[in-house]
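Input: a single structure, listed below in structure tokens.
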Amino acid sequence: MAVGVVGVLVPVLPGLLLVAGAALVWALTEQDTLSWVVFAAMIVVLGVGAIAKYVLPARDLAAAGAPRSTLVVGAVGAVVGFFVIPVVGLPVGGIAGVFVAELRRLRGDRAAAWRSTWVTIKAVGLGILLELAAALVAVAIWAVAVLVG
């Protein structure tokens, strides 16, 4: 579970999936009602965190007037950046992708493109924080169950 929590912050690791997998192994090992109730509660919390990670950036960017295609270009930029610039390429590529998409959409208005990009950066950051909070709450639910049970 600790690796899963770290995985939320390290883009290469599927953080919430690792936490859920560890919880499933624990529930299968324990084989009692409490462990399955705890597992279900963890899955709900992790599911909300996973949804928030993807819904918030799309919603905030749409509110700023940018189409979903901007997020797609940002995602492609993040993947390219990941391979081109080791370690920091993912966020750099993602930001560059969103900026380029917005610059094109806004016909070269750099100030407006940067405003949209900044909205996206904040939304993605909030999504990551919510995902981290979900992972930490899920692990806390498990820890309490282990201590009580």
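We did not get these values from a lab; they are worked out from the coordinates using the rules stated. The structure displayed is predicted, hence computed values, not measured ones. Because the Cβ atoms are built from the backbone with ideal geometry, glycine has one as well, and the counts that use them run over all protein chains shown.
I'd like the orientation of helix 110-148 relative to the chain: the angle between its Cα long axis and the longest Cα principal axis, in ° from 0 to 90, rounded to 10.
0
Pick out, from V10, L106, V72, the residue whose Cα sits farthest towards the positive end of the charge dipole of the stretch 1-115, with +1 on the Cβ of Lys and Arg and -1 on the Cβ of Asp and Glu.
L106
With viscosity set to 0.692 mPa s and temperature to 37 °C, compute the Stokes-Einstein D of the chain, Rh being the Kirkwood radius across alpha carbon pairs; µm²/s, no decimals.
198
Under the definition of Cα pairs under 8 Å and six or more residues apart, what whole-number percent is the relative contact order of the chain?
RCO, the chain: 30 percent.
Add +1 for every Lys or Arg and -1 for every Asp or Glu among the other residues with Cβ under 13 Å from the Cβ of L61, and state the total.
Residues near L61 contribute +3 overall.
Under 12 Å from the Cβ of P11, count the other residues' Cβ atoms, weight Lys and Arg +1, Asp and Glu -1, and hand me the total.
0
Work out the length of the dipole vector of the chain about its Cα centre, built from +1 on the beta-carbon of each Lys and Arg and -1 on the beta-carbon of each Asp and Glu, and round it to the nearest 20 debye.
Roughly 780 debye, rounded to the nearest 20.
Quick one: what are the phi-derived ³J(HN,Hα) couplings along the stretch 3-19, Karplus 6.51/-1.76/1.60 with θ = phi - 60°, whole Hz, x for glycine and proline?
5, x, 5, 5, x, 5, 8, 9, x, 6, 9, x, x, 5, 5, 5, 4
Give the calculated FRET efficiency between L9 and R107 to the nearest 0.05, with a Förster radius of 35 Å applied to their Cβ-Cβ distance.
It comes to 0.45.
What is the dipole size for the stretch 73-140, taken about its Cα centre, with +1 at each Lys and Arg Cβ and -1 at each Asp and Glu Cβ, in debye to the nearest 20?
300
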